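This report concerns only the one structure given below.
The values are calculated or read from the model by the stated rules, or taken from the named source; none is laboratory data. The model shown is predicted, which means the values in this text are computed figures rather than measured ones. Neighbour counts run over all protein chains shown; Cβ positions are idealised from the backbone, glycine included. Each accessible area value is taken on the protein alone, full model and side chains, heavy atoms only, with ligands, DNA and RNA left out. Shrake-Rupley method; radii C 1.70, N 1.55, O 1.52, S 1.80 Å.
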Amino acid sequence: MSCYVQYCHECNIAICKAETDTDGVTYYHIKVNVGDVTWSVQKRYNEFLELHKKLVNEHTVTKDILPGKKIIGNKDPNFIERRRVGLEIYLQTVLSFLQKSMPEELLEFLEFHKYDVILIVKKLAVEFFKNGDDYLLNDNGFNFNVLLLYAISERLKLPCPDSENNEYNFSHVLDFCSKFKYLAIKGGNHYVGTSNIIYNKLSFELSSFKNVKKFECYNIAYNMIYNLMTLRDTVRIITVYNSKLKTPEDILLSDNVHKEWSSDMDSTMIWNKVKVVDFSWNEILTLKSLTVLTPNVKTINLNGNLLNTIEDLSPLSYLSHLSLSSNNITEVLDLHTKLGNVICLNLSSNKISNLEAFSKLFSLEMLDLGSNLVEDIDQLKHLSGLQNMNYLVLSGNPVSTVVDYRIKVLGILKKRTSDFCLDNERPTQKELDTVAIMHAIKVAKEGKTLFDR
C-alpha cells in the first residue's frame with residue numbers, strides 16, 4: 001500500500017507510453033511509484049489540460065509549462081511521442097514544486113485515492129460520517145475488504161494529526177468500527193486495480209472492532225491477521241470460506257505465532273461466546289481443536305474439507321448440529337461416544353457404507369447420508385432403534401435403487417406415520433398402507449397376536 005505522507009521523497013512519475021485507440025483517442029499511460037508500490041493511470045490530453053487550469057488558478061503553478069494544444073496533426077506518431085515526453089516533464093515538474101503540499105487535484109488525477117492509506121481512510125471517514133448510522137441499523141449494510149482493513153490498521157500506527165475538516169476525521173472510522181456487529185471480510189489473490197498490490201499479501205488487525213457478533217471471511221490469507229483479541233470476547237457466529245485452512249486454529253489462533261492449543265491454554269485465547277462455526281470449503285484435516293477453542297459451540301459446519309474420520313467431540317456438551325458433507329469420511333466407529341447429544345447430523349457426499357456406528361445415536365432427529373456407498377438394505381436395521389429420528393436422506397446411495405426401496409426402508413425403520421420424511425418426501429397414504437399390510441403379514445407369519453407386539 002502507498003503512504004505518501006511517509007514516502008513523499010520516494011515518489012516518482014513517468015509516462016511510459018502513449019496509445020491511440022480505434023476511435024482515434026490517445027491515452028497516455030502514467031506510471032506512479034511511491035516507495036515499493038506502483039500503479040498505472042491512463043489520461044487523455046484534455047484531462048491534463050483540466051488539471052493544469054486548476055493548479056494554475058489555485059496553486060500558483062506556472063501557466064506555460066504544459067505542452068500546448070494542437071488541433072491539426074495531433075494524431076501524428078512523432079507529435080504524440082513529443083507530447084508524451086513533454087507531459088512527463090510537466091508532471092515531474094509539478095510534483096517537484098508541490099511535493100510538500102500535494103493538492104487534492106493532483107492526488108485525484110494520479111488516483112492516489114485508490115492506493116494511499118491516508119486517502120482511503122479519509123474516504124471511509126466521509127462515508128461513515130454520512131451513512132454510518134444507516135449501516136449500523138442494517139447488519140449486512142457494509143462489507144470490508146482486506147484493503148480497507150489494511151488502511152485502517154496502518155493509519156492507527158501513523159503519528160500524523162487528524163484532518164481539520166470534520167468529515168475526514170479518523171475518529172468517524174474508529175467510532176463506526178467499535179459499534180459494528182457484522183464484520184464480513186473479502187480477500188483474494190488478485191491485484192488491487194492497476195497496482196502491484198495483492199489483496200492477500202496485506203496484513204491487518206481487528207482491534208478496532210469491539211462489538212462484532214458475526215464474523216465472516218471469504219478467500220482470505222489467515223496468516224495476515226495479527227490481532228483478534230477483541231473479537232474473542234464478542235463473536236457468536238464465525239464463518240470462514242475458501243481460505244485454505246488446514247485446521248480450525250489457523251484462524252482461531254491466527255494472531256498466535258505457534259498456533260498451539262491445549263486444555264489448559266490461556267483463557268484469553270478461547271472463543272467462549274461462539275455458538276456457530278462454519279469453516280466450509282477449506283482444506284481442514286482435523287477439527288479436534290474446536291473442543292478447546294470453542295467450548296460452547298452448538299453448530300459446526302465443515303462441509304467440503306478433507307476429513308477422513310469423525311473425531312471425539314464429546315467435550316462439546318452443547319453441540320446439537322454437525323455437518324461434515326463432502327469430505328473423505330469412509331469408516332465411522334462408536335459415534336455415540338464421540339457425538340454426545342447431536343440431534344442433526346449431515347454426512348452426505350462421503351464414502352460411508354456401514355451404518356452400525358449409528359445404532360446408538362438415540363438423540364438423533366435428522367440424518368443425511370445422501371450420496372454415500374450404502375448398498376445393503378439390511379444396513380438400515382442399525383437405524384431401527386432411533387425412535388427420535390424423523391428425517392432421513394439416503395438418495396444417491398446404491399441402496400436407493402433397490403426395488404420398492406421406500407416401502408422397505410419405512411418397514412425396517414417401523415415408520416408408519418406421515419410425520420417421518422425420507423429423501424425429502426413424506427410417505428404417501430398408499431406407502432403407509434402397504435407398510436401396515438406388510439407388517440400385519442409378518443406378524444401373522446410369526447404367529448403373534450396384536451397383544452404380543
Original post:
Somewhere in the range 110-118, is a residue touching a Phe, Trp or Tyr at 6+ places or on another chain (Cβ under 7 Å) and aromatic (Phe, Trp, Tyr)?
Top reply: yes
Subject >> Matching residues, the range 170-193, being crowded, with 18+ Cβ neighbours inside 10 Å and of a type outside the set (A, V, I, L, M) >> reply: 170, 172, 176, 177, 180, 182, 187
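Among the residues of the range 22-47, count how many are open to solvent by less than 60 Å² (accessible area, probe 1.4 Å) and farther than 12 Å from residue 112 by Cα. Break it down into steps so the answer makes sense when it comes.
Filtering the range 22-47 down to residues open to solvent by less than 60 Å² (accessible area, probe 1.4 Å) leaves 24-26, 28-30, 32-35, 37-41, 43, 45.
When the remaining residues are screened for being farther than 12 Å from residue 112 by Cα, the result is 24-26, 28-30, 35, 43, 45.
Residues meeting the conditions: 9.
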Original post:
Could you count how many residues in the range 217-235 are open to solvent by less than 10 Å² (accessible area, probe 1.4 Å) and within 16 Å of residue 177 (Cα to Cα)?
Top reply: 4
Subject >> Those residues of the range 97-114 which are over 14 Å from residue 34 (Cα atoms), free of Cβ contacts under 8 Å to residues at least 60 places away in the same chain and assigned to a helix (DSSP H, G or I), in sequence order >> reply: 97, 104, 105, 106, 108
Original post:
Under 6 Å by Cβ, and 6 or more places apart or on different chains, what pairs join a residue from the range 339-366 that is more than 16 Å from residue 381 (Cβ to Cβ) with one that is assigned to a loop (DSSP other than H, G, I, E, B) and charged (D, E, K, R)?
Top reply: 343/365
Original post:
What is the number of the single condition among (1) crowded, with 19+ Cβ neighbours inside 10 Å; (2) in contact with a Leu (Cβ under 7 Å, 6 or more places away or on another chain); (3) of a type outside the set (A, V, I, L, M) that residue 406 does not meet?
Top reply: (1)
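Residue-wise test of (1) modelled with pLDDT of 95 or more; (2) charged (D, E, K, R).
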| site | (1), (2) |
| --- | --- |
| 102 | no, no |
| 105 | no, yes |
| 117 | no, no |
| 129 | no, no |
| 141 | no, no |
| 149 | yes, no |
| 160 | no, no |
Original post:
Looking at this structure, is residue 348 at pLDDT 95 or above, crowded, with 19+ Cβ neighbours inside 10 Å and over 22 Å from the mean Cα position of the chain (by Cα)?
Top reply: yes
